[in-house]
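Chemist: Mind having a look at this structure? Questions to follow.
Taken together, the values in this text are just the output of simple stated rules run on the coordinates, not laboratory data. No experiment lies behind these values; they were computed from the predicted model shown. Using ideal geometry, Cβ is built from the backbone for each residue, glycine included, and neighbour counts are taken over all protein chains shown.
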Amino acid sequence: MTELSSPTPRWISCPECEAACREVPLPPRAVLHCRRCGVVVRKSTRPTSLQPAWALATAGLLLMVMANVTPIMSFDVAGNTQTNLIGTGVITLYKQGYWPVAGLVFFSAIAAPALYLATVWYVVAACCLARPWPGLHRMLTWAEILESWNLVPVFALATLVSVVKLDTLGTVTWHHGAIWLAVLSICAFLTSQLFDHRMVEERLEELA
Amino acid sequence: MNSPPPIPSSDHLRLQTCRALVIAGIILYVPANVIPVMTMTVVGRVEPLTVLGGVEELYHSGLPVIAGIVFLASIVVPFCKLATLSWLLIMHGSTECQQQRATARRIVHLIGSWSMVDIFLLSVLAAVGQLGVLASVVAKPGAFFFAAVLVCTIFASESYKPRMIWQTREPLET
Ligand SMILES: [Zn+2]
């Protein structure tokens, strides 16, 4: 135990309550909990690479384009058909005079997830390639803010609910866009899980 | 060593913002649930639907599971979020139930975004419901209030940082 302890103990702040926790060398598979709020402050087994997050963010950006340009489904009643994209509802709500609602849908279903993936891509790519690109710290802050607006999975659920509802009124046909939307939801979720803020911060310090 | 760390002045602003947003959210929650969010025309029959009305309709079309999900996401979740945030604000600065408050905040933060499901549902239904008298969906003023409640709760829970639960007047035990 004595040989493990570092000569100068480092203090790290708890990500949740910001209490100062003393960093002790951890045995394998151990976790350091915050003494005040109990949140995991540090794990000894942490992902060693940001490459998976980079790959997922890249895939996510491509899927974002595909999901937004491919029709998701069409609804048919007595020979009249209406097909929709993610953005169709935004335009319809805007035309009906509900522009704040349209704006909210546009921001949380299209703009914020795209910006989130783009900021994550930028920061992670800089870390993986060891390039000190400009504005990395600001981008990291933005990624943190946009994370809670990453609502593609919620939109996918809403699409599923609407299809089930519409199915009782007419004929619903799925299109390829639905597949892109489903894969994008998984991809966006996994990106946020694999994107380790702490590790990125450490890498950025090394870069500077 | 035993004196409490000074509370940054930006946290006072955060606290005030959160209070204002929670009060606005509670007030808006009433019209959001009473005023119809859309009208649905099916084969010439026009039907105004509130959020709860939409859930009931799903239930009666033989989709109890889907109805349950929408009920939880669009009525229970916003309510729990407003209730939890009120609790956090009322208890702010006290040393009681800090663990419980931290857990409640974490849960609410995790499930909070699912309340957007009803707004997205309106958007998808409005997009394909453009078939005139056969089937059409038109947004109604309730949608404004509902969207406003969601925006208030999202920004309120963003402005109350978890560290603020642990800011007390009393010195920390060390
Ligand atoms: Zn803590």
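Chemist: Please get the size of the charge dipole for segment A:97-208, origin at its Cα centre, with Cβ charges of +1 on Lys and Arg and -1 on Asp and Glu, quoted in debye to the nearest 20.
Modeler: With only Lys, Arg, Asp and Glu charged at Cβ, the dipole is about 280 debye.
Chemist: Sum -39500 (n - 2.57) across every DSSP H segment of at least 4 residues in chain B, then divide by the residue count to get the 222 nm mean residue ellipticity, nearest 500.
Modeler: -19000 deg cm²/dmol
Chemist: Return the loop-located GluC sites (Glu not before Pro) in segment B:82-174 (DSSP other than H, G, I, E, B) with at most 11 other Cβ atoms within 10 Å of their own Cβ; answer none if there are none. Show your work: numbers first, answer last.
Modeler: Values: sites: B:E96, B:E158, B:E173; in loops: B:E96, B:E173.
Loop-located and lightly packed - B:E96, B:E173.
Chemist: Then there's this: Just tell me how shielded B:65-74 is by partners: mean number of partner chain Cβ atoms within 10 Å of each residue's Cβ, no decimals.
Modeler: 2
Chemist: Another question about this same structure. If amide hydrogens are placed 1.01 Å from N in the peptide plane, which non-local residues have theirs closer than 5 Å to the one on A:A19?
Modeler: Answer set, sorted by chain and number: A:C14.
Chemist: Let me ask you something else. In degrees from 0 to 90, rounded to the nearest 10, what is the angle of the helix A:112-129 Cα long axis to the longest principal axis of chain A?
Modeler: With both axes taken from Cα atoms, the answer is about 40 degrees.
Chemist: Work out, in µm²/s and without decimals, the Stokes-Einstein translational diffusion coefficient of segment B:53-141 at 25 °C, 0.890 mPa s, Rh from Kirkwood over C-alpha pairs. Intermediate results must be reported in sequence, preceding the final value.
Modeler: Values: Rh = 15.4 Å.
Using the Kirkwood radius from Cα pairs, D works out to 160 µm²/s.
Chemist: Quick one: which residues, 5 or more positions from A:V41 or on another chain, have an amide H under 5 Å from its amide H? H modelled 1.01 Å from N in the peptide plane, none for Pro or chain starts.
Modeler: Sorted by chain and number, the residues that satisfy this are A:L32, A:H33, A:C34.
Chemist: Just to check I understand the Karplus step: with θ = phi - 60° and J = 6.51 cos²θ - 1.76 cosθ + 1.60, what whole-Hz values come out for segment A:138-148, glycine and proline as x?
Modeler: Taking θ as phi minus 60°, the curve returns 5, 4, 5, 4, 5, 4, 5, 5, 6, 4, 6 Hz for segment A:138-148.
Chemist: Within 10 Å of each Cβ in A:151-157, how many Cβ atoms from other chains are there, averaged over the peptide?
Modeler: 5
Chemist: Cut-off 10 angstrom, C-alpha nodes, Gaussian network model of chain A. Which of A:R29, A:R138, A:R198 fluctuates the most?
Modeler: A:R29
Chemist: Something else about it: Could you state, as a whole-number percent, how many of the C-alpha pairs of segment B:1-156 are farther apart than 20 Å?
Modeler: Value for segment B:1-156: 56 percent of Cα pairs lie more than 20 Å apart.
Chemist: Give me the three principal axis extents of the protein assembly as shown from the C-alpha atoms, as integers in angstrom, largest value leading.
Modeler: 79, 47, 35
Chemist: Provide the per-residue ³J(HN,Hα) series for segment A:180-193, in order, calculated from phi with Karplus coefficients 6.51, -1.76, 1.60 and θ = phi - 60°, each as a whole number of Hz, with x at glycine and proline positions.
Modeler: 4, 5, 5, 5, 4, 4, 4, 4, 5, 5, 5, 4, 5, 6
Chemist: Rounded to whole Hz and in sequence order, give me ³J(HN,Hα) for segment B:147-161 from the Karplus expression 6.51 cos²θ - 1.76 cosθ + 1.60, θ = phi - 60°, writing x for Gly and Pro.
Modeler: Each residue of segment B:147-161 in turn: 4, 5, 4, 4, 4, 4, 5, 5, 5, 4, 6, 5, 7, 8, 6 Hz.
Chemist: For the ranges B:97-105, A:64-72, what's the packing order if you count other beta-carbon atoms within 10 Å of each residue, average per peptide, and put the highest first?
Modeler: Order by mean packing, descending: A:64-72, B:97-105.
Chemist: Can you list residues whose amide H is under 5 Å from A:Y98's amide H, if they're 5+ apart or on another chain and H is modeled 1.01 Å from N?
Modeler: none
Chemist: Return the average number of partner chain Cβ atoms within 10 angstrom of each residue Cβ along peptide A:89-96. Don't skip to the end; give the middle numbers.
Modeler: Values: counts 13, 3, 3, 12, 8, 0, 2, 7.
Across the residues of A:89-96, the mean count of other-chain Cβ atoms within 10 Å is 6.
Chemist: Where does each of B:122-133, A:157-168, B:47-58 land if you order them by average Cβ count within 10 Å, highest first?
Modeler: Averaged packing, sorted descending, gives the order B:122-133, A:157-168, B:47-58.
Chemist: Using a Cα-Cα cut-off of under 20 Å, which lysines could be cross-linked to B:K140, ignoring same-chain neighbours fewer than 8 residues away?
Modeler: Reachable lysines: A:K95, A:K165.
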